[in-house]
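What follows is a short report on a single structure.
The values are calculated or read from the model by the stated rules, or taken from the named source; none is laboratory data. Since we're looking at a predicted model, the values are computed, not measured. So basically every Cβ, Gly included, is an ideal-geometry build from the backbone, and we count neighbours across all protein chains shown. Quick note on the areas: whole protein, heavy atoms, side chains included, nothing else; ligands and nucleic acids left out. Shrake-Rupley method; radii C 1.70, N 1.55, O 1.52, S 1.80 Å.
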Amino acid sequence: MDKQVEAPTASNEKRGRGYGALMIFEKLRDEILSLELEPGQLIDEASLATRFDVSRSPIREALVRLGSEGLIKTLPNKGTIVAPLNIEEFPIFIDALDLVQRAITRLAAENRTEEQLRIIKEKQESFRKTVAANDVLGMIEGNRDFHLAIAEAGGNRILTDTYRRILDEGRRSLRLYFRSYGDTLPSELTHAHDDVIDAIEQHDVEAAERLAREHAEEVHQQFIRYISRRSTQDIKVLY
């Protein structure tokens, strides 16, 4: 007997569209985070539909999700663009990162369980693998997952949610941070995570907070060095 083919249903069609939208969302998110799609670049639904060979429906679903993550913006009478990267707000971002990161790391050292410590170490090993592979997008996500595991160990839901928003908003700045090292992180930067883990494991709240502050300050200083770099100051121009 011939195998009966399941007739398409509304739920099947919806599931198919959802998977298409998810794939498109992940691809566009990676391109935005890697700065392949530049801040301020116009997002054209018709061009994306042609590129991904889909209708506009999954494109719109993907764009809604990107908008919810703050990666794109819709401007009145101007269409949809990649969210601008506002360098002027970087000091504000670092201030928020510094304060919340110190708090959640200190709380983790005080409150963590053995299971939470295991998860933190597991996230660090995953991050270390992305560093060894020079996987920039993996480093961005791995760094986020590592620090959020610490936040979860702190036990304060409101601080964890705040920290998650800070980390998400800073992902493209972190891309520039990794670029400042030529996308090859020095080994001491992964060791800095190990030092934080040691402090959390030993319940050393003072060391945990100090290391969290040093971590934020290193990101700040390296970012400033990167955006202030010049390549022409030593070039002699003859007249």
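Listed conditions (1) over 17 Å from the mean Cα position of the chain (by Cα); (2) of a type outside the set (Val, Ile, Thr); (3) in a helix (DSSP H, G or I) are all met by Gly182, apart from (3).
Filtering the stretch 110-168 to residues that are under 28 Å from Glu31 (Cα atoms) and among the acidic types (Asp, Glu) leaves Glu122, Glu125, Asp135, Glu141, Asp145, Asp161, Asp168.
So which residues in the stretch 108-144 are part of a helix (DSSP H, G or I), β-branched (Val, Ile, Thr) and modelled with pLDDT of 95 or more, if there are any at all? If the condition is that a residue be part of a helix (DSSP H, G or I), β-branched (Val, Ile, Thr) and modelled with pLDDT of 95 or more, then Ile119, Ile120 are the ones that fit. Val205 falls short on exactly one of the conditions (1) more than 23 Å from Pro91 (Cα to Cα); (2) surrounded by 14 or more Cβ atoms within 10 Å (Cβ to Cβ); (3) within 19 Å of the chain's Cα centre (by Cα); (4) modelled with pLDDT of 95 or more, and that condition is (3).
Only one of the numbered conditions (1) within 28 Å of Thr162 (Cβ to Cβ); (2) open to solvent by 70 Å² or more (accessible area, probe 1.4 Å); (3) of a type in the set (S, T, N, Q); (4) part of a helix (DSSP H, G or I) is not met by Thr105, and that is (2).
All conditions but one from (1) over 22 Å from Ser173 (Cβ atoms); (2) open to solvent by less than 70 Å² (accessible area, probe 1.4 Å) apply to Glu110; the one that does not is (2). For the subset of the stretch 135-194 comprising residues that are of a type in the set (Ser, Thr, Tyr) and under 14 Å from Val100 (Cβ atoms), which member is surrounded by the most Cβ atoms within 10 Å (Cβ to Cβ)? For the stretch 135-194, the residue satisfying everything is Tyr163. Within the stretch 63-88, the set of residues being surrounded by 12 or more Cβ atoms within 10 Å (Cβ to Cβ), free of Cβ contacts under 8 Å to residues at least 60 places away in the same chain and among the charged types (D, E, K, R) comprises Arg65, Lys73.
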